[in-house]
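The structure appears right after this line, and notes come after that.
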């Protein structure tokens, strides 16, 4: 009797296994199919090059080619490249805007909003723990830019067409203020300029450029309410390879050594000078241990995760927004009023 019951139990287990196997296979196939649709495929050793407005740039870490051969990029990084304002509607939806153009993308949705108009997408946006990927061509062309891709050299050619900044910086020096009554202020459509600053990338190597572009992208669009305090470290967060930061030169005491995220102090220093021009209250600022060549001596702001932060308070009556980007060979920070 025991042998009979054992045999029946064994047969039941085999039957259930056979019944469940197709379901498991389907689940695996579905998961694999979803992965093929969403996951970028270009391997790490295949570098995607970027030429922005005729100048070779260190490409953002998120600039990749997906399975369908489409160029996709993190929304924060393309906002930094094209001088766009980024705002989150919720955890799964964001908006990119400049002037009168406003686009809205939702993760997993095969369409986007251009104002109130619904437009279909052949490349579905998706969100990971580190980035929100959107199709580069769609964003570029919606904001009046031109984009081309050369598969032989794996190079993306992007003409940003940001004539206001380009013309303003055409004959600029190594650094300088951007005043509310400057020529640039009149060219900024939809923004009231409170102040700003620019610094030049002086023969900056690719890894350093990458880090600067990434930091600018993370800061771009940040709103500081009246009375609130901006913290560089809080906004940018830890500088890690997982976030796309690369090794570049940093100062440790009186030595120059490689470190992940090297170069982003040029961003914090540019913001520091922009805050001074705007008359904002500096809460925390640390000088470098060695001289830097991208700002006036004594006007630098060193940052280091977990140790040195750069912070300022918006002591104005109106809320402010930071617009930070790399335009050609310049780091540009604008502080504009939020209406």
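Below is a table of values for the structure above.
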item	result
Residue ID - surrounded by the most Cβ atoms within 10 Å (Cβ to Cβ), chosen from residues in segment 304-338 that are more than 24 Å from the chain's Cα centre (by Cα) and closer than 26 Å to residue 84 by Cβ	316
Among the residues listed as 301, 275, the single one being in contact with a strand residue (DSSP E or B) (Cβ under 6 Å, 6 or more places away or on another chain) and either surrounded by 20 or more Cβ atoms within 10 Å (Cβ to Cβ) or assigned by TED's automatic domain parsing to the domain that holds residue 211 (or both)	275
Every residue from segment 66-90 that is over 13 Å from the mean Cα position of the chain (by Cα) and assigned to a loop (DSSP other than H, G, I, E, B)	66, 67, 68, 69, 70
Qualifying strands (runs of 3 or more DSSP E) (wholly inside segment 279-339; at least 2 residues being modelled with pLDDT of 95 or more)	281-284, 311-313
All positions within segment 212-247 that are touching a strand residue (DSSP E or B) at 6+ places or on another chain (Cβ under 6 Å) and more than 29 Å from residue 316 (Cα to Cα)	239, 245, 247
Residue check for residue 287: over 18 Å from residue 214 (Cα atoms), in the same structural domain as residue 178 (by TED's automatic domain parsing) and without any contact (Cβ under 8 Å) to a residue 60 or more places away in the chain	yes
Residue match in segment 199-220 (condition: modelled with pLDDT under 85 and surrounded by 15 or more Cβ atoms within 10 Å (Cβ to Cβ))	yes
Every residue from segment 237-284 that is under 18 Å from the mean Cα position of the chain (by Cα) and closer than 17 Å to residue 311 by Cα	237, 238, 264, 265, 266, 267, 268, 270, 271
Residue in segment 91-101 that is in a helix (DSSP H, G or I) and at pLDDT below 90 present	no
Members of segment 127-139 found to be in contact with a helix residue (DSSP H, G or I) (Cβ under 7 Å, 6 or more places away or on another chain) and either surrounded by fewer than 19 Cβ atoms within 10 Å (Cβ to Cβ) or not in a strand (DSSP E or B) (or both), listed by number	130, 136, 139
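The values are calculated or read from the model by the stated rules, or taken from the named source; none is laboratory data. A quick note: this is a predicted structure, and the numbers were derived from the prediction, not measured. Virtual Cβ from ideal backbone geometry, glycine too; neighbours counted across all protein chains shown.
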